[in-house]
Amino acid sequence: MKAAACGDRRADGTTAARGPGALGDARTKAAASGGPRTDAAAAVGTAGSGSASAGAAARTEGAAAGATRRGPVVAALMLGMALAALDSTVIATAVPQIVGDLGGFSVFSWLFSGYLLAATVTIPVYGRLSDTFGRKPVLIAGIVLFLAGSLLCAAAWNMAALIAFRVVQGLGGGALQGTVQTLAADLYPLEERPKIQARLSTVWATSAVAGPLVGGLLAAYADWRWIFLVNLPLGGLALWLTARHLVEPQRARSTERAPVDWPGALLVFASGALLLTALVQGGVAWPWLSAPSLGLLAGGVLLVLATVVVERRAAAPIVPGWVWRRRTIAAVNLALGALGLLMVAPAVFLPTYAQAVLGLGPIAAGFVLCVMTLSWPVSASLSHHLYRRVGFRQSALIGIGLAGLILLSFLLLPYPGEPWQPALIMLALGAALGLFQLPLIVGVQSTVGWHERGTTTASVLFCRQIGQSLGAALFGAVANGVLTARLGEGDAPGGDLDTVARALDDPEGLPAATVEALRRAVDAAVEYVYAGAAAAAGLALLALLIAPRRFPVLKEPALQEQPIHKPSLREDEEKAP
């Protein structure tokens, strides 16, 4: 990388990182300000001091003692990402077989909700732990938990046991999601991060497409328990590669570590669990204004307030205040929360639209959705050509602006239309969102040092997950409200979207006029949902306007070059215009 892209050398020995092209202004601080002093900074210290030679010797000695081999570790990260991604999709097509074997049809939705809750609420905890103890022990613990949960799921004797063991899986999945993304930033310097992020995006997209197919094949030709057993060899290989090849430099002595804020971790877990349970189950397991919903929401709010009080007093809080005081991180958190909200429209409602309105089968309906997962990683892998020229924020603004227009174009589709029309919209949407999400993740990870990157990445992923849960509840209520208004009190089977979709699965027993009314009602409901998704894109765009025009990129060496240094205690807010 050219010197202009790497940063300016200052007399005090710090490096002012501008990032590639117009990415950002220098925000690296001298050692006296509490920020970490990197090898790059030490190497440009006072002439004649010998620090450059000492730094080179230290790195040579560290390399001789053992260094991270990026290839095997990247393979481990991709396997870990595949485990987390497959687990959210592979079980969906095997639900009939699972229910037929174990029973428990009334609570089977908790197979998904239990995993989601456990994975989501533990992401911030794992992020803070990885900043304190290192990525390697957290990732290993996450893989072990995930594999233990998989083995227990395969041995489940009833639905209650399977749900409980899915929660154990989720506890490991939370570590996989956050730590894999954080390690990807540790392994690669800024200019190379699009490579690893594109690989991870490809793994996620492939898993999203292959998951239902693999689950269906295993359930049909083997046994549903193999859905969980196939995780063991994949996870075992990821565990071995991580333990064998990932070597993290010692960054802080154990005596210098602040104690882990376990009360804060417990409160984060409890408050997140209550609020997510209310969002996931409200309007499904019980009415929104019922005692369970109101009780969970009230309890969650009270625990959130208690969490704020405890975290403000903690020496090393699980969710530190700087996550929201720094403009860049706060803006990215809000923008990706809006992305989670937006993604509910295609992921949840498009398959129903494709089957109920277009008359497609489940496989063809899945194809209409999966084309988005084909264009997303391609666009993400090419996004660095754009953000190196215009900056992280401008690239994301272009992506989310295009996404909003594409979502609105769904409202212009004819009724009933052709399958290629929504497929084309999803293809374009994936390309737009690739320009939006990856620059924000790469950009926000580049504004912090090693000791803050785990917490920062976890906050971003946590907000995205919360957005998805909120979107499912909000857009579900919107769709059901539109259906109720359109169907009124007639003879058509009204109620919620699931009831109407089931009726359209077997329309022979219904009059032709009723079938047509149901299809038009579903079409109208999904149009309202897509309009709401376009509004979520607008919220993401507004959130990005909070961020500085140029992200304050911190120049830091890659994992193999990291020196031993103390954690950054920087608590300042970005004030860049």
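The values are calculated or read from the model by the stated rules, or taken from the named source; none is laboratory data. Note that this is a predicted model, so its numbers are computed, not measured. Glycine gets a Cβ as well: all are built from the backbone with ideal geometry, and neighbour counts include every protein chain shown.
In this structure, is Asp186 buried (at least 21 other Cβ atoms within 10 Å of the Cβ) and assigned by TED's automatic domain parsing to the domain that holds Arg128?
On the way: buried (at least 21 other Cβ atoms within 10 Å of the Cβ): yes; assigned by TED's automatic domain parsing to the domain that holds Arg128: yes.
Yes: the conditions hold for Asp186.
State yes or no: is Arg312 over 30 Å from Asp523 (Cα atoms) and over 24 Å from the mean Cα position of the chain (by Cα)?
Yes: the conditions hold for Arg312.
Identify, from the list Pro189, Pro233, the residue that is free of Cβ contacts under 8 Å to residues at least 24 places away in the same chain and within 26 Å of Val73 (Cβ to Cβ).
On inspection, the qualifying residue turns out to be Pro233.
Among Ala94, Ala85, which is the only one that is within 20 Å of the chain's Cα centre (by Cα) and either surrounded by fewer than 23 Cβ atoms within 10 Å (Cβ to Cβ) or hydrophobic (A, V, I, L, M, F, W, C) (or both)?
Ala85
Return yes when Ala423 is assigned to a helix (DSSP H, G or I), surrounded by 24 or more Cβ atoms within 10 Å (Cβ to Cβ) and in contact (Cβ under 8 Å) with a residue 40 or more places away in the chain and no when it is not.
Here the answer is no, as Ala423 does not meet what is asked.
Here are Ala265, Ala175, Ala210: which of them is in a helix (DSSP H, G or I), touching a residue at least 60 places away in the same chain (Cβ under 8 Å) and crowded, with 18+ Cβ neighbours inside 10 Å?
Values: Ala175 fails: touching a residue at least 60 places away in the same chain (Cβ under 8 Å); Ala210 fails: crowded, with 18+ Cβ neighbours inside 10 Å.
After applying the criteria, what remains is Ala265.
Please tell me if Pro194 is assigned to a helix (DSSP H, G or I) and within 22 Å of Val247 (Cα to Cα).
Answer is no for this residue.
Which one of Ala338, Ala365 is closer than 28 Å to Ala543 by Cβ, of a type in the set (A, V, I, L, M, F, W, C) and in a helix (DSSP H, G or I)?
Just one listed residue meets the conditions, Ala338.
Anything in region 300-328 that is surrounded by fewer than 23 Cβ atoms within 10 Å (Cβ to Cβ), touching a residue at least 60 places away in the same chain (Cβ under 8 Å), part of a helix (DSSP H, G or I) and touching a Ser or Thr at 6+ places or on another chain (Cβ under 7 Å)? List them, or say none.
Passing the criteria: only Val323.
Could you say which residue among Val378, Val344 is β-branched (Val, Ile, Thr), surrounded by 20 or more Cβ atoms within 10 Å (Cβ to Cβ) and in contact (Cβ under 8 Å) with a residue 12 or more places away in the chain? Give the derivation first.
Details: Val378 fails: surrounded by 20 or more Cβ atoms within 10 Å (Cβ to Cβ).
Of Val378, Val344, the one residue that is β-branched (Val, Ile, Thr), surrounded by 20 or more Cβ atoms within 10 Å (Cβ to Cβ) and in contact (Cβ under 8 Å) with a residue 12 or more places away in the chain is Val344.
For region 97-111, enumerate the residues that are under 23 Å from the mean Cα position of the chain (by Cα) and closer than 23 Å to Pro233 by Cα.
The first filter runs over region 97-111 and keeps only residues under 23 Å from the mean Cα position of the chain (by Cα), leaving 109-111.
Leu111 - this is the single residue of region 97-111 that is under 23 Å from the mean Cα position of the chain (by Cα) and closer than 23 Å to Pro233 by Cα.
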